[in-house]
Amino acid sequence: MSQEFKFTVSDPEGMHARPAGLLVAKALEYDSSIIVDYEGKAVDAKRIFGVMGLGVKQGDEVTVKVEGSDEAKAAAEFERFLKGNL
């Protein structure tokens, strides 16, 4: 089973280097796999170049999928992190 949620980026700069770095650092705290999907392109949230390569801008919606041993905790905390930082 996996957890999934949608998130709309509100940061005026979108998912550029600084927030992408924070996102990757947060994702690395969990054992679960965290995938960010944008317009059909899915990347590992633990890889900075993948996240930055999505080209997500302010107002864009991404889908986040979390799967693994700590997925419930990871999904809840990661969603809270995104709302506070992006």
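Readers should treat all values here as calculations from the given coordinates under stated rules, not as data from a laboratory. Keep in mind that this is a model prediction, so the values were computed, not measured. For neighbour counting, all protein chains shown are included, and Cβ atoms are generated from backbone atoms with ideal geometry for every residue, glycine included.
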Give the separation of the Cα centroids, segment 55-79 to segment 1-45, in Å. 6 Å
In the neighborhood of PHE5, defined by Cβ-to-Cβ distances under 14 Å, what is the net charge if each Lys or Arg adds +1 and each Asp or Glu adds -1? -2
Taking amide H positions as placed in the peptide plane 1.01 Å from N, state which residues far from SER32 in sequence (5 or more) or on other chains have amide H under 5 Å from it. SER69, ASP70
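Normalised by the number of residues in the chain, what is the relative contact order in percent for Cα pairs under 8 Å and 6+ residues apart?
Over the chain, the number comes to 46 percent.
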Which residues does a label at ASP44 reach in segment 2-25, if reach means a backbone N under 15 Å from a point 7 Å past the Cα toward the Cβ? 24-25
Between ASP37 and GLU61, what is the spin-label point distance in nm, taking each point 7 Å from the Cα along the Cα→C-beta axis? 1.3 nm
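Give me the orientation-averaged projected area of the Cα convex hull of the chain, in nm², one decimal. Before the final figure, lay out each step's value.
Details: hull surface 18.5 nm².
Its Cα hull, projected and averaged over all orientations, spans 4.6 nm².
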GNM top mover of GLY55, GLY14, GLY40 - the chain, alpha-carbon springs below 10 Å: GLY40
Note, ³J(HN,Hα) from phi for segment 65-80, Karplus 6.51, -1.76, 1.60, rounded to Hz, x at Gly and Pro: 10, 10, 9, x, 5, 10, 4, 5, 5, 4, 5, 5, 6, 5, 5, 4
Please give the net charge around THR63, taking every other residue with its beta carbon less than 12 angstrom from that of THR63, where Lys and Arg add +1 and Asp and Glu add -1. -3
Rounded to the nearest 10, the angle in degrees between the Cα long axis of helix 17-27 and the longest principal axis of the Cα atoms of the chain comes to 0 degrees
Interchain or long-range residues, amide H under 5 Å from ALA42's placed H: none
With a cap of 11 neighbouring Cβ atoms within 10 Å, and only residues DSSP puts in a loop, list the trypsin sites (Lys or Arg not before Pro) found in segment 1-49. none
Report, in debye and to the nearest 20, how large the dipole of the chain comes out about its Cα centre when Lys and Arg carry +1 and Asp and Glu carry -1 on their Cβ. 220 debye
